[in-house]
Amino acid sequence: MHRSPFHGFSVEFAEHREYSPGDDLRYVDWKVFGKTDKFYVKRFEQETNLSCMILVDASASMGFKSHQAALSKWEYAQCAAAALAYIVLAQQDRVGLGVFAEQYRVFARPEASGGQWQQIVQLLEKESPTGTTAIGAILHEAAERLRRRGVIVIVGDFLVDLNQLERGLKYVRYANHEAIVFHILDDQEISFDLQQPVLLRGLEVASRVAVDPRLLRHAYRRCVEEYLRNIQKICHGLKVDYVRATTQQKLDHVLREYLAFRRKIKNM
């Protein structure tokens, strides 16, 4: 066992950190304020009171898999969700699962029971990517269903209206939850390095279009770069952790890097 990268309020005092809007005023250290004229909050080691909700996008676009990739985005998301759930449970904390597209197909509340990980894996295995995504309503509902302050992890490709995503994340933060965006893409979606004319078929819309990638590649990459900048800007502005991975990256490496980063930030 090691110190959790997630912190909460329990009986064992750990250290101070600067006050942030939304923090519980009961934990402001007024003695420190009297000495420094700055607000600091007492931070405690997280023991058993963390609630983590992992939401996984199962819309049709998550089924995409290029020829170079070993896994589809959905398969990678299944592995990521299962791994994150295992990590949280190993810390004796609660974890739940939501699988969604237009609405929730699965919503298992956070638990810390011995069979919770097996249940989460089984629920993930039963689902497959279909339909479209209503990300704003999904996040709004999750924030309301999670009764106690917790961490909401959203795993998906986020090929959505970013205004909806922003509204959903705002509500999550307004409800005093922490949010983590785990963004999964296929390398082909970023590089668009196809060399021959192709027929592109929509996964979430009934449309087909014949294109020559060589003529579109520059404009396409420019649009993707703008999209990635915008989603990162939204997350940064709302103090939401943003993690991007492609299906060609090793999942253990992605998670190890992120958890090390999170632990470092939380202990600053």
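Things to note:
- For region 202-241, a residue qualifies if it is closer than 25 Å to residue 155 by Cα, of a type in the set (A, V, I, L, M, F, W, C) and in a helix (DSSP H, G or I), and the qualifying residues are 223, 224, 228, 231, 234, 235.
- Only residues that are in a strand (DSSP E or B) and either within 14 Å of the chain's Cα centre (by Cα) or at pLDDT below 95 (or both) were counted across region 78-105, and they come to 7.
- Qualifying residues in region 255-268 (those that are in a helix (DSSP H, G or I) and exposed (fewer than 12 other Cβ atoms within 10 Å of the Cβ)) - the one modelled with the highest pLDDT: 256
- For region 230-254, the set of residues classified as among the hydrophobic types (A, V, I, L, M, F, W, C) and either outside the structural domain of residue 66 (by TED's automatic domain parsing) or surrounded by fewer than 18 Cβ atoms within 10 Å (Cβ to Cβ) (or both) consists of 238, 251, listed by residue number.
- The lone criterion from (1) part of a helix (DSSP H, G or I); (2) in contact (Cβ under 8 Å) with a residue 40 or more places away in the chain; (3) of a type outside the set (Val, Ile, Thr) left unmet by residue 244 is number (1).
- The criterion of at least 2 residues that are free of Cβ contacts under 8 Å to residues at least 60 places away in the same chain is met, among strands (runs of 3 or more DSSP E) falling completely within region 125-201, by 198-201.
- Region 208-221, subset of a type in the set (Lys, Arg) and surrounded by 14 or more Cβ atoms within 10 Å (Cβ to Cβ), residue nearest to residue 194 (Cα to Cα): 217
- Condition check for residue 150: closer than 14 Å to residue 85 by Cβ, at pLDDT below 95 and either in the same structural domain as residue 78 (by TED's automatic domain parsing) or of a type outside the set (Val, Ile, Thr) (or both): yes
- Some residue of region 47-63 being at pLDDT 90 or above, surrounded by fewer than 18 Cβ atoms within 10 Å (Cβ to Cβ), part of a loop (DSSP other than H, G, I, E, B) and assigned by TED's automatic domain parsing to the domain that holds residue 170: no
- Only a single criterion out of (1) of a type in the set (Val, Ile, Thr); (2) in contact with a strand residue (DSSP E or B) (Cβ under 9 Å, 6 or more places away or on another chain); (3) surrounded by fewer than 12 Cβ atoms within 10 Å (Cβ to Cβ) is not satisfied by residue 205, namely (2).
The values are calculated or read from the model by the stated rules, or taken from the named source; none is laboratory data. Keep in mind the model is a prediction, meaning the values are calculated, not measured. Note that each Cβ is placed from the backbone with ideal geometry, even for glycine, and that neighbours are counted across all protein chains shown.
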